[in-house]
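Quick notes on the structure that follows.
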Amino acid sequence: MSQTKQAALPVIGFIGLGAMGGRMISQLSGAGELLVFDTDAERAQQAAQAASGHAISKLEELSAANIVILMLPNSAIVDDVFRGGTQKGLIDILPKGALVIDMSSSTPANTIENAKLASQRGLVFIDAPVSGGIGGAASGKLAIMVGGDRADFERARPFLERMGSNVILVGDVGAGHAVKALNNLLAATIFAATAEVFAVGEKFGLDPAVMHQVVNASSGGSFMTNIAWPKAVLQKTWDFGFALQLMNKDVGIAMSLIEATGTETILSKASAKMWAEALGSAPQGSDMTELAKQIQKGAGL
Ligand code: NAD
């Protein structure tokens, strides 16, 4: 009897067990037979242990997977894993009917192409990027924005709801990746504007802590003044917990949408330039708050 029950459990592949995936995987414990893969074999082992799954050493071991979740650094790597390139891709490995959920922050145009390639092979590819950082990943309280058909969303939903407390279907495939990038462009631009305004205030002679108290209780306040400033900027710890490189990547994806839609922007362009330059002169592995540090330095503070 229990054997019959076991056999009905889905086979779930999870690829990319880094800062986010390594935490998200724990929420899937018990949801099916978990097969985890990362080019860093030690990470895969640790994740498998934490989620009662099995670490696999090559993608071919996913040949019976019903669902595969990707949590990879960028679209180039997602495309390589899905379409193949440096290795045989999932598209040539997965059984017909398998559902691939790209939870990475990827480029919408690549996602739409992946979905097209998938459907030609009898597979389904949807996007479900996240917001909420490593805290949300560890607690299963991520915001998850899904792009895909309603039926595919419903198929993914039970698994996504284990990892997120706010799972929303935002549109067709690619829409999740689009809204994720645009949200981060907005957050990045608000952060940059806040850093500039605080530098001016400090140069004028305002106490940054007092200025923060006032702004945070006023119309200039934001998620950034509420969360990022007290955590990482006011104390100059520069460790908000989101990599500068990832923020710059998201801003770049949003800029590709601005270009693709032929939208004229002033602020967004200026913001993208600031983030790219900050990354160019930052030490490797810097936190996104490095931008505020550089603005302070540029202002002579
Ligand atoms: P990470 O670099 O910590 O993890 C990525 C993992 O992918 C690593 O373990 C790496 O070894 C593995 N990997 C790389 N190439 C691979 C390949 N070809 N095959 C298998 N594994 C491979 O990154 P992260 O912070 O976990 O971010 C993952 C994704 O989530 C990114 O797209 C990022 O933009 C997005 N995201 C991150 C955060 C955050 O706070 N860190 C928040 C929201 C969204």
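Remarks
- Count - residues of the range 24-42 that are surrounded by 21 or more Cβ atoms within 10 Å (Cβ to Cβ) and either under 19 Å from Ile144 (Cβ atoms) or away from the ligand (no atom under 14 Å from the Cβ) (or both): 5
- Residues that are small (Gly, Ala, Ser), within 16 Å of the ligand (Cβ to nearest atom) and farther than 29 Å from Thr111 by Cα, drawn from the range 206-257: Ala228, Ala232
- Number of positions in the range 146-166 that are within 15 Å of the ligand (Cβ to nearest atom) and hydrophobic (A, V, I, L, M, F, W, C): 3
- Residue in the range 115-124 that is within 12 Å of the ligand (Cβ to nearest atom), in a helix (DSSP H, G or I) and without any contact (Cβ under 8 Å) to a residue 12 or more places away in the chain present: no
- Residue in the range 151-169 that is touching an Asp or Glu at 6+ places or on another chain (Cβ under 8 Å), buried (at least 22 other Cβ atoms within 10 Å of the Cβ) and free of Cβ contacts under 8 Å to residues at least 60 places away in the same chain present: no
- Unique residue being at pLDDT 95 or above, hydrophobic (A, V, I, L, M, F, W, C) and away from the ligand (no atom under 11 Å from the Cβ) when the list is Ala137, Ala143, Ala98, Ala76: Ala98
- Candidate set from the range 170-201 (those that are among the charged types (D, E, K, R) and either free of Cβ contacts under 8 Å to residues at least 60 places away in the same chain or surrounded by fewer than 23 Cβ atoms within 10 Å (Cβ to Cβ) (or both)); member that is nearest to Val68 (Cα to Cα): Asp172
- Where Ala47 falls short, out of the listed (1) within 13 Å of the ligand (Cβ to nearest atom); (2) surrounded by fewer than 22 Cβ atoms within 10 Å (Cβ to Cβ); (3) of a type in the set (A, V, I, L, M, F, W, C): (2)
The values are calculated or read from the model by the stated rules, or taken from the named source; none is laboratory data. Just so we're clear, the structure is a prediction, and the values are computed from it rather than from any experiment. Cβ coordinates were reconstructed from backbone atoms using ideal geometry, including for glycine residues, and neighbour counts include every protein chain displayed.
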